[in-house]
Amino acid sequence: QDGLKRTIESYSHMQAQNQRSISKTSILLGNGNVAKTLLWEDSKQTMTVLLLLAVIYYQLFTCGYTIITAMAKIFSLTALFLFIHGMLPANVFGHKIEKLEPSNFHISQVEAHHIACSVSSSWNSLVGVLKSLCRGNDWPLFLKVVFFLLVVSILSAMSSEAAFKIGIPLIFIGFKAYEKWEDTIDSLVGDACSFVLQFTPIQISSRQ
């Protein structure tokens, strides 16, 4: 019983340490596949998404196709690749070719539940941000939201091609940079809020 108790206590300590290692950026992104992709936690998954975005950019802007035409061509190329890959033998010139099984495209119940939990976690994070803004006492969060909306408004004023060129790298680099220098950025935002709040009582007293 003493050994079992020590094992449980050790596991609880490791679990608490693991929870502390999760960054605020990962929690904001839902701590799921989106967070793993944007924070470069899964390099293979991130590179796959970047390659897909590069193909979409080529189809939309370089070739000048519409969204529906570009997506149709991408699905056609995917179907052609899968068809040719399925026709190939298992061994070509001494090189073994791994066949894609139908189960590779199947989403299990556990994965579907994980995706649903990731979406609900992202939604709950946004609701938590709105609740904090409604209280009116979290200036650092307010400045972060204002800065984010300012960036979105600047990107929306650009053309679709320019917004795609600037927005995609900004998303993949910005979240990773914030996670890396999270404490420094929060400290700078806190100093800016303190500087702004110094003038708030003066303005209120001058109005009175």
Selection count, region 130-160, where residues are more than 21 Å from residue 178 (Cα to Cα) and aliphatic (A, V, I, L, M): 2
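Determine which member of the set 155, 80 is touching a residue at least 12 places away in the same chain (Cβ under 8 Å), among the aliphatic types (A, V, I, L, M) and out of contact with any Pro (no Cβ under 7 Å at 6 or more places or on another chain).
Numbers: 80 fails: touching a residue at least 12 places away in the same chain (Cβ under 8 Å).
Only one candidate passes the filter, namely 155.
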Count of region 98-113 residues which are outside any loop (DSSP other than H, G, I, E, B) and either of a type in the set (Val, Ile, Thr) or more than 23 Å from the chain's Cα centre (by Cα) (or both): 4
Subset tally (residues that are touching a Cys at 6+ places or on another chain (Cβ under 7 Å) and surrounded by fewer than 12 Cβ atoms within 10 Å (Cβ to Cβ)) for region 140-173: 0
Selected residue (criterion: farthest from residue 55 (Cα to Cα)) from residues of region 66-105 that are of a type in the set (Val, Ile, Thr) and modelled with pLDDT under 80: 92
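Condition test on residue 89, is it surrounded by 11 or more Cβ atoms within 10 Å (Cβ to Cβ) and on the phi < 0 side of the Ramachandran plot?
No; evaluated as a whole, the condition is false for this residue.
In region 36-69, which residues are closer than 18 Å to residue 178 by Cβ and touching a residue at least 40 places away in the same chain (Cβ under 8 Å)?
38, 39, 40, 46
The values are calculated or read from the model by the stated rules, or taken from the named source; none is laboratory data. All values reported here derive from a predicted model rather than from experimental measurement. Note: ideal-geometry Cβ built from the backbone for every residue, glycine included; neighbour counts use all protein chains shown.
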